């Protein structure tokens, strides 16, 4: 199958990647199976060292798998590199590509020439994209003087120069402040709205970003996919009970009374609520209520009437993707950083003060 | 890329924004392609066009840099001119033949090309790797040789400006008189020298990426010895066997010697091969260096994909 019309956008089978290293080899990917449909926004969520970037490098033809096969729209990443490079693009967080000596507009034009655009067509496309990403005022500013956020917008524009059918985003908001990260996310969403049918593979270790943007997510840890599904599906995996946050004006006898009701698993005062059950009257009691199923809530509401308590606020709590990760791995992302570090490919220290290649003359 | 293709079932044609797309988002829409398969299959003409445009694209920062950083006038033109001047004064003090002044001036002009080849061709891919550009070059659809050729073309424009300036100023200041009999061969030798020199630089570029940090030491190691054995400031024939070896191996040495023989006919035999033989050596060098550059670049990419280190920043 080479470039089949019916091919998935991304089809990876048994991808393994082992890096030769001392004192022992490092397995970055240990048998990844992944299928992403055309037009899908797919996320790879995992801590540092999980293997996300290695997988992106393989899918973007920059790295060969040690075992397994991967295809982009039916084109083999090992043998049909040129074809894949014509239909994909990639942007990474913290990217410092290009030459500081050039203006933003010039830099984008230079890259446009690498992606098959003609000279005039390149300038036209660059001007369109500069406006689209909100860099109109910086178009004639030297790249070396752009802020981190502006630079990432420019990188995003670079990634769209060839109108990619598959867009790989490797931690695209890494190192950006809240506002700049939001801008980049809005650009991604805006591009998808303008050109539906394009496939995005996003890697991130920001749970909220994956939750907000992705239609499906694969949770990755130590080179393995632990679970794949939509954010809602993944959360349902850990949500065996219904969890509500209940705020009452008062509650005589404390939450213990609620815990004895049918269908109630537990009723616990939230941290900011008074915990003394003997107190005759309490103000603004907040209770975390865990029910076997949603229907048990009716019994709770009826019982509250009898206890003379009035509901001030009621909200159903959704588990987060972090809860999913903890459930799957048995630890949080932060706990995992240390473990992952021992699994990273050894890197040489950055040579401080490296000059801009084009400015060294 | 604009070739018509079969629309993928379930997917809209990529270039046509849906009716619901906000007007502001239309800017995101690029060149229309019916399907990924249509977009991936280029005609040979598209492939060639992409490679030619890539050459221009990569040459652009170097050409643009000429006007952005005028400090090169001091560092790349006036300072080398001082070096050339010092040799001129030495030769005058020794009552050397007048042609020797011309030899030094031509040597001074060619220094610009050699420095450019060593620092901005041979070591360039290594810097590009650290900058994160090398990865993007390999992930783009063009042949990466286009990038090397673009670097060479840009470097030629940069260095030619400097070389011509040094040549004219020194000729005027020191009153050099050329005696040229074969203009055509002189121009051919000059072009061949540059082709061989930049081919040499292109070949070294991949080696430097593979050898890593030692590239810097190698660059420094190469600069002065090559100055010496190339006879940048004296006729290379004076070096005897070493000079002959340099003529056989180093494009700067053979090119300089041929140009000197052709530009100062009156000096008589130099003890080195005839200019037309040296022109043939330059042709052979160009073919070998560019062929090796292509092979090494391909090998480097394959090794990078296997090992995962060469094109990746800081690895």
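Figures for the structure shown
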{"quantity": "Subset tally (residues that are more than 11 Å from every other protein chain (Cβ to nearest Cβ) and out of contact with any helix residue (DSSP H, G or I) (no Cβ under 7 Å at 6 or more places or on another chain)) for the range A:121-147", "calculated": "3"}
{"quantity": "Selection from the range A:110-129 of residues that are part of a helix (DSSP H, G or I) and either surrounded by fewer than 22 Cβ atoms within 10 Å (Cβ to Cβ) or in contact (Cβ under 8 Å) with a residue 60 or more places away in the chain (or both)", "calculated": "A:119, A:120, A:121, A:123, A:124, A:127, A:128"}
{"quantity": "Top-ranked residue of the range A:15-40 - restricted to ones that are more than 14 Å from every other protein chain (Cβ to nearest Cβ) and outside any loop (DSSP other than H, G, I, E, B), ranked as surrounded by the most Cβ atoms within 10 Å (Cβ to Cβ)", "calculated": "A:32"}
{"quantity": "Which listed residue, of A:82, A:105, is under 24 Å from residue A:197 (Cβ atoms) and out of contact with any strand residue (DSSP E or B) (no Cβ under 8 Å at 6 or more places or on another chain)", "calculated": "A:82"}
{"quantity": "Residues satisfying the stated conditions in the range B:202-242, i.e. surrounded by 22 or more Cβ atoms within 10 Å (Cβ to Cβ), assigned to a helix (DSSP H, G or I) and more than 14 Å from chain A (Cβ to nearest Cβ)", "calculated": "B:202, B:203, B:204, B:206, B:236"}
{"quantity": "Qualifying helices (runs of 4 or more DSSP H) (wholly inside the range A:289-360; at least 1 residues being touching a strand residue (DSSP E or B) at 6+ places or on another chain (Cβ under 7 Å) and modelled with pLDDT of 85 or more)", "calculated": "A:297-306"}
{"quantity": "Hits in the range A:93-109 - residues which are more than 7 Å from every other protein chain (Cβ to nearest Cβ), under 23 Å from residue A:200 (Cα atoms) and surrounded by fewer than 24 Cβ atoms within 10 Å (Cβ to Cβ)", "calculated": "A:93, A:94"}
{"quantity": "Among (1) within 11 Å of chain B (Cβ to nearest Cβ); (2) at pLDDT 95 or above; (3) out of contact with any strand residue (DSSP E or B) (no Cβ under 7 Å at 6 or more places or on another chain); (4) crowded, with 24+ Cβ neighbours inside 10 Å - the single one residue A:168 does not satisfy", "calculated": "(3)"}
{"quantity": "Qualifying residues in the range A:229-246 (those that are crowded, with 18+ Cβ neighbours inside 10 Å and assigned to a strand (DSSP E or B)) - the one modelled with the lowest pLDDT", "calculated": "A:242"}
{"quantity": "Spans of helices (runs of 4 or more DSSP H) in the range B:22-106 with at least 2 residues more than 7 Å from chain A (Cβ to nearest Cβ)", "calculated": "B:44-68, B:79-93"}
{"quantity": "Test set (1) surrounded by 24 or more Cβ atoms within 10 Å (Cβ to Cβ); (2) within 11 Å of chain B (Cβ to nearest Cβ); (3) touching a strand residue (DSSP E or B) at 6+ places or on another chain (Cβ under 6 Å) - residue A:66 fails condition number", "calculated": "(1)"}
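The values are calculated or read from the model by the stated rules, or taken from the named source; none is laboratory data. Everything numeric in this text was worked out from a predicted model, so none of it was measured. In this analysis, Cβ positions are derived from the backbone assuming ideal geometry, glycine residues included, and neighbour counts consider all displayed protein chains.
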